[in-house]
Amino acid sequence: MVDVGAGHAAVLLPQVLAALNIRASGTYLDATFGRGGHAGAILEKLIADGRLLCLDRDMAAVAEARARWGGDPRVAIFLAPFSELGACADAVEPGLKFDGILFDLGVSSPQLDDPARGFSFMRDGPLDMRMTQGEGMSAADVVNGASEAELIRIFREFGEERMAARIARAIVADRKSRPFERTGELAQMITRVARSRERHKHPATRVFQALRIHVNGELDQLAAALHAALDRLAPGGRLAVISFHSLEDRMVKQFMRRHANPDPVYAGLPDMPAHARPKLKLVGKSVEPAGEETERNPRARSARLRVAERLSQGIAA
Ligand SMILES: C[S@@+](CC[C@H](N)C(=O)[O-])C[C@H]1O[C@@H](n2cnc3c(N)ncnc32)[C@H](O)[C@@H]1O
């Protein structure tokens, strides 16, 4: 873990650097710049002809990247969702491929800690949660506008919240008299109607997670970005993904496994077409932070790193 001045501790940093297997003149993509903890450590290993692309959909993160490395010819910085990583790569050089791609999913500490961003049930602020400031629907728009059935679906699907129906019913009843505008109002209401069954977990944890995932289309983003990453990895290139909850981790695990095996449609056939052959090789087992890291940085607690390597199969010459 490295604490960068602006307050985000890079999770599983030595493990990520080892996973990416960095070559000094290689080309790397940090798809989730945040405050640049991982990006900075990657850059330190690159020489003059190495390249690093940094993406983030948060304007404050990108401003930080530009302030630090805007003048470094090795670095290209994009304000973009990572589902668009292919277009960002093409903007640097058409058809550009990477020797390593990192996704460190979720939100950064500066996002969580700033009440004005509305991510936290611990700090009262506007009920917002948009990673790209001002873009698309806010959490308040969803909480005040979605039908009861839609709220139940969001809380179940993205929060695995057992009390989804009870919470959705209470939201719909309360918002008739006054719309929800603040994170504190929503968190208090949830505390009133639903007890957490999990020790050390605030009763609003799952609903806040669900709203954040929904507002930012996080699972659709991840699905699109994993495919784009597969397409953009050079042979031998490494894909490293850190996830923070089971929905993301399941998606990453299934994606890596699916592409580490031949297409089952062609199983047993003597001549397997190139597109049906495995495109990835799994690298080791999933990695979680050691107790020492989670003591220093409790937010690392639920982190899980998965790594895979691009095989040359299915890559157009
Ligand atoms: C956990 S933080 C990354 C921290 C970073 N590795 C560091 O060491 O500072 C996740 C970052 O990913 C960004 N992010 C999340 N989803 C994104 C997406 N779909 N596209 C681009 N950036 C995204 C967030 O805005 C946030 O800044």
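The values are calculated or read from the model by the stated rules, or taken from the named source; none is laboratory data. Quick caveat, the model's predicted, so the values are computed rather than measured. Don't worry about glycine lacking a Cβ; one is built from the backbone with ideal geometry, like all the others, and counts go over all protein chains shown. Accessible surface areas use protein heavy atoms only, side chains included; no ligands, DNA or RNA. Shrake-Rupley method; radii C 1.70, N 1.55, O 1.52, S 1.80 Å.
Points to keep in mind about this one:
- Dividing the convex hull volume of the alpha-carbon atoms in segment 17-76 by its residue count gives 67 Å³ per residue.
- When the Cα convex hull of the chain is projected onto planes of every orientation, the mean area is 17.6 nm².
- Residue by residue, segment 177-188 carries 3J(HN,Hα) couplings of 7, 7, x, 6, 10, 10, 4, x, 4, 5, 4, 5 Hz when phi is fed to the Karplus relation 6.51 cos²θ - 1.76 cosθ + 1.60 (θ = phi - 60°); x denotes Gly or Pro.
- A viscosity of 1.567 mPa s and a temperature of 4 °C, combined with the Kirkwood radius over Cα pairs in Stokes-Einstein, give a translational diffusion coefficient for segment 88-205 of 80 µm²/s.
- For segment 22-126, the ratio of Cα radius of gyration to the globular rule of thumb 2.2 N^0.38 Å stands at 1.13.
- Taking every protein chain into account, the 1.4 Å probe leaves C88 with about 10 Å² of accessible area, to the nearest ten.
- With contacts taken as Cα pairs under 8 Å at a separation of at least 6 residues, the chain carries a relative contact order of 17 percent.
- Backbone amide hydrogens, once placed in the peptide plane, bring G237 within less than 5 Å of R310, excluding anything fewer than 5 places away on its chain.
- Taking each of K97/K285; K201/K253; K201/K285; K253/K279 in turn, the alpha-carbon distance tops 18 angstrom for K97/K285; K201/K253; K201/K285.
- Antiparallel content of DSSP bridges confined to the chain, in %, to 5: 45 percent
- Percentage relative contact order, segment 146-255, counting C-alpha pairs under 8 Å, at least six apart: 26 percent
- Counted charge near R310, where neighbours are those whose Cβ lies closer than 13 Å (Asp, Glu -1; Lys, Arg +1): +3
- All distinct Cα pairs of segment 160-317 go into the 1/r average, and the inverse of that average, the Kirkwood radius, is 18.9 Å.
- Using 0.36 nm per residue and subtracting the Cα-Cα separation, the extra length available between R123 and R250 on full extension is 42.8 nm.
- When R192, R162 are compared by accessible surface with a 1.4 Å probe, the order from highest to lowest is R162, R192.
- Accessible-area rank, largest first, for S196, S312, S177: S177, S312, S196, with all protein chains present and a 1.4 angstrom probe.
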